[in-house]
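Inspection log for the structure reproduced underneath, given as structure tokens.
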Amino acid sequence: MLRTLRTLALYEGSIVPQARAEIRRWSTVAETIPDPVLRAHATAAIAADTDNAEAVTAFAAFASRSRRRTTIELLVAHQLLADYVDVLGERVCCDRLADGLRIGSALPAAVARPGDPLDLDPLGDDGGYLAALVSACRDRLWRLPAAATVAGRAQAAAVRWGEGLAHSHTAAHGEALAQVEAWSAEQDGCAGYAWWEIAAGSNSNLAIAALLAAAADPATTARDAARIEAAYWPHVCAMSTLLDSLVDCERDAVSGDFSFVSHYAGADAARAGIVAAASRSLGAVSTLRHSHTHAMIVCGVAAYYAAAAERGSLAAQVAPSVVEALRPAVTPIAAALRAQRRLAGRSSPAARA
């Protein structure tokens, strides 16, 4: 418990303020994008997904103090790139798989060496915004001591991630559903998962974030990198995206956006599937180096989405069982999130009115 509280204090007191400063810096850059459509997408992605960029910097707890700022800058840039590629794939490429794959190529490009050729298609005049995010990721990654150790696995995970996003974005169109099913069936290491659970996992960048953070530790070995990838893919990645889909399922039913959770037979099946992914996630990270922090991240993801569940929703029915499956590890994190939400509520204008 004390160790968990210390890590939470480091995250809230030191890591989050630095992450927020980086997010503000990139927000200023996004506002200069010449193309109004791309500018709107970039700024909206930052505004809507700031929590993602803050949350992913929890991985910076692995880094020593001397490398922490570089690691935070890397993780923020990578998450903002992820969210930008995601929104472009969903709102601009839509039903064009080839365009989605092309914009998704920015993801593996972000973990290549700084001197490697940079061939990106930003889908319009973005003033170099996409290239700047990719270059920032490359620069920060290759300043870290174990970059070469994790780069190969991060590249492979990024290729899978870009393909998974593109297939999922086009799957909202009925004729493309068979394509995402077939693509999911081809993915390795996914025994025990349904095709939509595999597709969900491919939409998460947590495996890459964990590998990037591991680059900050000079003791990281090739075996460590392989074990990190195997723990996060598909287990943690599937759990995180399934929970996100769970929270959004009612909204997705109205908007027509693709929903992973909608493919379960009902609430009981969704509960069983997501609880199984959560349990497998916690078990998988328990054997990693820095296992305590990895376990905190698994529990933090579950507790975050459980706290976001709206009364009467499918998430309100399912998420408590997910949290229960992660006890006792999740208890202090869930308590911290509840306290944070209460403080945010008391400090908001609506709460003061």
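The values are calculated or read from the model by the stated rules, or taken from the named source; none is laboratory data. Keep in mind the model is a prediction, meaning the values are calculated, not measured. Cβ coordinates were reconstructed from backbone atoms using ideal geometry, including for glycine residues, and neighbour counts include every protein chain displayed. Remember, those area values only see protein heavy atoms, side chains included, never the ligands or the DNA or RNA. Shrake-Rupley method; radii C 1.70, N 1.55, O 1.52, S 1.80 Å.
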With charges set only on the Cβ (+1 for Lys and Arg, -1 for Asp and Glu), what does the dipole of the range 152-274 come to about its Cα centre, in debye to the nearest 20? 360
For the range 153-263, Kirkwood radius (reciprocal of mean inverse C-alpha pair distance, Å): 14.4
Let me know the charge dipole size of the chain about its Cα centre in debye, to the nearest 20, where only the beta-carbon of Lys, Arg (+1) and Asp, Glu (-1) is charged. 1900
In 10 Å bins starting at zero, report the fraction of Cα pairs in the range 229-287 per bin as a rounded %. 24, 47, 23, 5, 0
Per residue, the convex hull enclosing the alpha carbons of the range 107-180 has a volume in Å³ of 100
MRE, 222 nm, helices only [DSSP H, n ≥ 4, -39500 (n - 2.57), over the chain, to nearest 500]: -21500 deg cm²/dmol
Hydropathy at least -1.0 by Kyte-Doolittle, axial extent at least 15 angstrom from the Cα trace: which helices of the chain, defined as entire DSSP H runs, fit? 16-30, 36-48, 65-88, 129-141, 147-170, 237-255, 267-285, 291-308, 314-325, 331-347
Carbon/sulfur fraction of accessible area - the chain, other protein chains in place, 1.4 Å, %: 53
Quickly rank 13-25, 159-171 as a protection proxy: mean count of other C-beta atoms within 10 Å, highest first. 159-171, 13-25
Pairwise Cα inverse-distance average, inverted: Kirkwood Rh of the chain (Å): 20.4
Where only protein heavy atoms count, and the probe is 1.4 Å, what is the accessible area per residue for the range 253-303 in Å²? 38
Could you list which residues have their amide H under 5 Å from that of GLY127, counting only those 5 or more apart in sequence or on another chain, with H placed in the peptide plane? ASP35
How big is the shadow of the Cα convex hull of the range 200-338, averaged over all directions, in nm²? 8.3
Rg (one decimal) and Dmax (whole number) from the Cα set of the range 48-151, in Å, equal 14.2, 45
For the range 107-122, take each phi angle, set θ = phi - 60°, evaluate the Karplus expression 6.51 cos²θ - 1.76 cosθ + 1.60, and give the result in whole Hz per residue in order, putting x for glycine and proline. 6, x, 4, 6, 10, 6, 5, x, x, 5, x, 10, 10, 10, 10, x
The range 131-224 - percent relative contact order, Cα under 8 Å, separation 6 or more: 46
Let me check against my output: what whole-number percent is the relative contact order of the chain, with C-alpha pairs under 8 Å and at least 6 apart? 15
Between the alpha-carbon centers of the range 4-77 and the range 226-264, tell me the distance in whole angstrom. 22
